[in-house]
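Below is one structure, written out as structure tokens; the observations come after it.
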Amino acid sequence: MKTVTTLIAIALAALFVAGGCAVAPGVPQGSVLAGDYQGRFDGQFSWGRIKIRVYDAPDGSRPVFGQLEPESGSLMGIFRGQMKGSRLEAEFFEANGTVTGELSADGKSMSGTFSFTNVLGPPATWNAQKK
């Protein structure tokens, strides 16, 4: 009996993990990944990789989740927002800053800027291609 209970617990845990991996936290249930973009950013104090995921939600919205992965500097940022037509508008979770961008007409690339209100200087630029 203990073996059966253990197997059921393992199966339920696997289903929970698999189901949880289907969509990012905070994405409305039933959303579908519409685009997975990866690229580079370059700023005055930091540079590195940027990753952005765009979802199509059942309510017609297009939530966006992304992150910066710096190769230089201490910058690290996870952001979320929305696509409004071809325009990306997002805010960082733990820092006071914004990410904006534009989706290309063919949907294969995005580019834009990000900045933090407590960092002086020009916004950093980024570009990413759809995987």
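The values are calculated or read from the model by the stated rules, or taken from the named source; none is laboratory data. This one's a predicted model, so the numbers in the text were calculated from it and none came from an experiment. Cβ: placed from backbone, ideal geometry, glycine included. Neighbour counts: every protein chain shown.
The conditions of being out of contact with any Ser or Thr (no Cβ under 9 Å at 6 or more places or on another chain), touching a residue at least 24 places away in the same chain (Cβ under 8 Å) and not in a strand (DSSP E or B) are met by V119. The test for being at positive phi and part of a strand (DSSP E or B) holds for G48.
Just one of the listed residues (F79, F41) is part of a strand (DSSP E or B) and under 13 Å from the mean Cα position of the chain (by Cα), and it is F79.
Can you say whether G112 is at pLDDT 95 or above and loosely packed, with under 15 Cβ neighbours inside 10 Å, as far as the supplied structure shows? No.
Looking at S61, S46, S72, just one residue is in contact with a Ser or Thr (Cβ under 8 Å, 6 or more places away or on another chain), surrounded by fewer than 18 Cβ atoms within 10 Å (Cβ to Cβ) and among the small types (G, A, S), and that residue is S72.
Annotation note: Cβ proximity below 6 Å between a residue of the range 55-66 that is of a type in the set (F, W, Y) and a residue that is in a loop (DSSP other than H, G, I, E, B) and surrounded by fewer than 21 Cβ atoms within 10 Å (Cβ to Cβ) (sequence gap 6+ or interchain) occurs for Y55/V27; Y55/S31; F65/A24.
Residue-by-condition table, conditions (1) out of contact with any helix residue (DSSP H, G or I) (no Cβ under 7 Å at 6 or more places or on another chain); (2) at pLDDT 95 or above; (3) over 14 Å from D42 (Cα atoms); (4) surrounded by fewer than 17 Cβ atoms within 10 Å (Cβ to Cβ):
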site	(1), (2), (3), (4)
E102	yes, yes, yes, yes
D106	yes, yes, yes, yes
N118	yes, no, yes, yes
G121	yes, no, no, yes
A128	yes, yes, no, no
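Looking across the range 59-116, the residues that are of a type in the set (D, E, K, R) and closer than 19 Å to K131 by Cβ come down to R62, E69, E102, D106, K108.
When you scan the range 96-112, do you find a residue that is part of a strand (DSSP E or B) and under 12 Å from the mean Cα position of the chain (by Cα), even just one? There is at least one residue in the range 96-112 that is part of a strand (DSSP E or B) and under 12 Å from the mean Cα position of the chain (by Cα).
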